[in-house]
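*Asks:* Structure below; questions to follow.
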Amino acid sequence: MIDLKALRENPDLFRNSQKVRGEDPLLVDQLIAADDLRRIAITEFETLRAAQNTLSKSVGAAKNEDKAALLENAKGLATDVKAADAKRAQAEEAAHKISLQIANLIDPAAPIGGEADFKVIEEIGKPRDFKAEGFAAKDHVELGKILKAIDTERGAKVSGARFYYLTGVGALLELALVNYAIASAVKAGFIPMIPPVLVKPHAMEGTGFLGQAAENVFHLAQDDFYLVGTSEVPLAAYHMDEILENLPIRYAGYSPCFRREAGTYGKDTRGIIRVHQFEKVEMFSFCKPEDAQAEHKKLLQWEKDFFDAMELPYRVIDVASGDLGASAIRKFDIEAWIPTQDAYREVTSTSNCTEFQSRRLNIRYRDENGTKPVATLNGTLVAIPRTIVAILENHQQKDGSVKVPKALIPFLGMDTLVPA
RNA sequence: GGAGACGUCGCAUAGCCCGGUCUAGUGCGCCUCACUGCUAAUGAGGUUUUCCCGAAAGGGAAACGGAGGUUCAAAUCCUCUCGUCUCCGCCA
C-alpha cells in the first residue's frame with residue numbers, strides 16, 4: 001500500500017510511477033477524490049458522535065421528568081449517527097480499495113520500459129566454449145537421466161506436467177545447496193526459518209500476491225488456505241501487527257514454493273526450469289526506510305557471493321519498470337548462463353519493497369517521532385531447480401559426469417557426480 | 001470429531017453476573033522529578049495505538065481477539081467467527 005499522505009502532497013510523482021509501470025495513472029485521481037469524500041464523511045460522523053456522547057452522558061445523570069425528553073432527543077441522534085457511520089465506513093472502504101490498486105512508488109533509478117528493457121549491470125565469469133573443448137553440451141534433462149538425478153517422466157506420471165522427482169545425487173544436491181545456503185546466511189547474521197507454507201488470505205494479501213499475481217497462486221478452496229509461492233509471504237507476515245525493535249532483522253527462510261504457472265503454456269516445458277513446486281532459500285529483511293537502498297545492495301551481494309561460490313557464469317540485471325510487480329520499487333535479477341539455451345536465465349531476484357508491504361501488514365518501528373512503517377526487502381539465496389540446472393549444465397564433462405563446485409564439496413561429500 | 005474454560009493497556013491481573021461514574025483499577029516493568037556519600041529504599045508524576053480538524057497550541061473520534069446485533073448508551077447483554085488451553089474420542 002502506498003503512502004496516502006505522500007500521494008496527496010505529490011500526486012504527479014505517483015501518476016508518473018503508474019505510467020512507467022504500464023499501470024493506470026487515473027487511479028491516482030480516483031484515490032484523491034475518494035479520499036476527500038472519506039475525510040468529509042469522517043468529520044461528519046465524528047461531530048455527530050461527539051454530540052451523542054455528551055447527550056448520552058446527560059441521560060444517565062438526568063432525573064425522571066427530564067429524562068423522557070432527553071431520550072427522545074437521543075433517539076433521533078442515534079439514527080443520524082448510525083447513518084453517518086455507515087456512510088463513513090462505505091467511504092473508507094471505497095478509498096481503501098483504490099489505494100490497494102496503486103503500485104509502489106517506483107525508484108527513479110530503475111530503467112524505464114517493459115520486460116525486455118532491463119539494463120545489464122555486470123557480467124561475471126565466462127561461459128564455457130564447449131565446441132573448443134570438443135564436445136556438445138548436454139542439457140540438464142539428459143544429464144539428469146545419465147546421473148539418475150532428475151526424473152521428470154515419473155513426476156509427470158504421478159503429478160502431471162511440471163512436476164519432477166529429484167533422485168539419488170539430485171536429492172543430495174538439493175540438500176547440499178540448502179545446507180550451504182543456510183550456513184552462509186547464518187554466518188552473515190540471518191536467522192534461519194522454516195515457515196508454514198499454507199497461509200490465510202490476509203497474509204497473502206498483505207504481501208501483495210493477491211493482486212495481479214493472483215492467478216499464479218494455488219488456493220485450497222475448502223479451507224481457504226493459500227499455498228505460498230515463496231517464503232517471502234510467511235516471513236513478511238511473521239511480524240504482522242507488531243512494532244519492531246533492533247532493526248535490521250534478517251531471516252533466511254527455507255520452504256517449498258508452489259506456483260500455478262498460469263499462462264505459461266508452451267514455455268519451458270522441458271526439464272525443471274519452470275515447475276509447480278520447488279524448494280528455495282529466501283532472504284528477507286526488515287529495516288528502516290532510510291537503510292533500504294543499502295540493504296538492497298547487500299542482498300544482491302549475498303546472492304552474488306552464492307553464485308560465485310557455485311563457480312557459475314552469470315549476469316546481474318536491473319529489471320525495468322514495467323516488470324517489477326506492484327510491491328517493488330526496484331529489482332535486481334541474477335541470470336545464470338545456461339549453455340544449452342545459449343542464454344542467461346533468471347535464477348535469483350531481489351526486491352526493495354520499501355514500506356509497501358509493511359503498511360498493509362501493519363509492521364512498524366519506533367523513532368523519536370512515533371511509529372513508522374518499516375521497509376521490507378527480499379532476495380533469493382538459492383532456488384533449487386534452476387540452480388541445479390545451471391550447475392549440471394555448466395560443470396558437465398565430456399563423459400556426462402559433473403564437477404562439484406569447491407564450496408559445495410564438503411556439503412555433498414563428493415567432488416564429482418558420476419553417471420550411475 | 002465431542003464436552004468445557006479462557007482471550008482486557010509491555011507483562012500479570014481486576015472489572016463482565018446487576019450496561020452509564022471504564023480507555024479502563026491494581027501489581028510488576030519502564031521514564032521523569034524529589035529525597036539521598038553511592039546503590040538500594042521511599043515519595044510525586046508519567047507510561048497504548050490509529051484517525052480527523054488545526055500553522056500551532058489544542059480539540060475531537062475510534063479501539064477491551066475479530067465481525068455483526070440490541071440500546072439514548074456495551075469491556076459488560078445477544079449472535080457468529082478466530083485463537084489458546086483442558087478433558088474425551090481418533091490417529092501417530
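The values are calculated or read from the model by the stated rules, or taken from the named source; none is laboratory data. Keep in mind the model is a prediction, meaning the values are calculated, not measured. FYI the Cβ positions are ideal-geometry reconstructions off the backbone, even for glycines, and counts take in every protein chain you see. Surface accessibility is based on the protein's heavy atoms, side chains included, excluding ligands, DNA and RNA. Shrake-Rupley method; radii C 1.70, N 1.55, O 1.52, S 1.80 Å.
*Asks:* Which value in Å does the Kirkwood hydrodynamic radius of region A:160-205 take, with 1/r averaged over all unlike C-alpha pairs and then inverted?
*Replies:* On the way: mean 1/r = 0.0742 Å⁻¹.
Kirkwood radius, region A:160-205: 13.5 Å.
*Asks:* As an exercise, take the mean of 1/r over every pair of distinct alpha carbons in region A:131-250, invert it, and state the Kirkwood radius in angstroms.
*Replies:* Value: 17.9 Å, from the Cα pair sum.
*Asks:* How big is the Kirkwood radius of chain A, worked out from every pair of different alpha carbons and given in Å to one decimal? Can you show the working numbers first?
*Replies:* Details: mean 1/r = 0.0414 Å⁻¹.
After inverting the mean inverse Cα-Cα distance, the result is 24.2 Å.
*Asks:* Per residue of region A:229-236, what does 6.51 cos²θ - 1.76 cosθ + 1.60 with θ = phi - 60° give for ³J(HN,Hα)? Whole Hz please, x for Gly and Pro, Karplus curve as stated.
*Replies:* x, 6, 6, 3, 5, x, 6, 5
*Asks:* Excluding A:ALA375 itself, what net charge comes from residues whose Cβ is under 9 Å from its Cβ, given Lys and Arg +1 and Asp and Glu -1? Numbers along the way, then the final one.
*Replies:* Working: positive: A:LYS288; negative: A:GLU290, A:ASP291, A:GLU295, A:GLU355.
After counting each charged neighbour, the total is -3.
*Asks:* Continuing with the same structure: Against the longest alpha carbon principal axis of chain A, how many degrees, from 0 to 90 and to the nearest 10, is the axis of helix A:64-101 turned?
*Replies:* Computed tilt is about 30 degrees.
*Asks:* Another one. Just to verify a number: what accessible area does A:LEU143 come out at with the full protein assembly present, 1.4 Å probe, Å² rounded to tens?
*Replies:* Accessible area, nearest 10 Å²: 0 Å².
*Asks:* Another question, then. Take the cross-link list A:LYS97/A:LYS267; A:LYS131/A:LYS297; A:LYS145/A:LYS267; A:LYS280/A:LYS372 and give me the ones stretching past 25 Å between alpha-carbons. Let's see the in-between values first.
*Replies:* Working: A:LYS97/A:LYS267 34 Å; A:LYS131/A:LYS297 37 Å; A:LYS145/A:LYS267 21 Å; A:LYS280/A:LYS372 31 Å.
Distance filter (> 25 Å) returns A:LYS97/A:LYS267; A:LYS131/A:LYS297; A:LYS280/A:LYS372.
*Asks:* Could you estimate the translational diffusion coefficient of region A:212-324 from the Stokes-Einstein equation, with Rh from the Kirkwood formula over C-alpha pairs, at 20 °C and 1.002 mPa s, in whole µm²/s?
*Replies:* Numbers: Rh = 16.8 Å.
In µm²/s, the coefficient is 127.
*Asks:* Taking the alpha-carbon set of region A:4-101, what are its Rg and Dmax in Å?
*Replies:* Final numbers for Rg and Dmax: 20.1, 69 Å.
*Asks:* For chain A, what is the accessible area per residue in Å² when the probe is 1.4 Å? Before the final figure, lay out the partial values.
*Replies:* Details: 20320 Å² over 420 residues.
Using a 1.4 Å probe on heavy atoms only, each residue of chain A averages 48 Å².
*Asks:* In region A:4-101, what percent of the accessible surface is made up of carbon and sulfur (1.4 Å probe, ligands and nucleic acids excluded)? Walk me through the intermediate numbers first.
*Replies:* On the way: 3490 of 6300 Å².
Looking at region A:4-101 in its full context, I get 55 percent from C and S.
*Asks:* Please list 3J(HN,Hα) in residue order for region A:150-162, calculated via the Karplus relation 6.51 cos²θ - 1.76 cosθ + 1.60 where θ = phi - 60°; whole Hz, with x for glycine and proline.
*Replies:* Running phi through 6.51 cos²θ - 1.76 cosθ + 1.60 with θ = phi - 60° gives 10, 10, 7, 5, 6, x, 5, 4, 7, 10, x, 5, 6 Hz.
*Asks:* If you count, for each residue, the other Cβ atoms within 10 Å and average over each peptide, how do A:316-323, A:242-249, A:304-311 line up from highest to lowest?
*Replies:* Values: A:316-323: 20.4, A:242-249: 13.9, A:304-311: 18.5.
Listed from highest to lowest mean packing, they are A:316-323, A:304-311, A:242-249.
*Asks:* Related question: How much net charge surrounds A:MET204 when only the other residues with a Cβ under 12 Å from the Cβ of A:MET204 are counted, with Lys and Arg +1 and Asp and Glu -1? Present the calculation step by step, with values, prior to reporting the outcome.
*Replies:* Details: positive: A:LYS200, A:ARG360; negative: A:GLU205, A:ASP224, A:GLU232.
Computed value for this residue: -1.
*Asks:* Here's something else I'd like to know. Tell me the mean residue ellipticity at 222 nm calculated for chain A from its helices only (DSSP H runs of n ≥ 4, each -39500 (n - 2.57), averaged over every residue, nearest 500).
*Replies:* Numbers: 14 runs with 180 residues, N = 420.
Dividing the helical sum by the residues of chain A leaves -13500 deg cm²/dmol.
*Asks:* Compute the angle between helix A:26-61 and the longest alpha-carbon principal axis of chain A, please, reported from 0 to 90 degrees and rounded to the nearest 10.
*Replies:* 40
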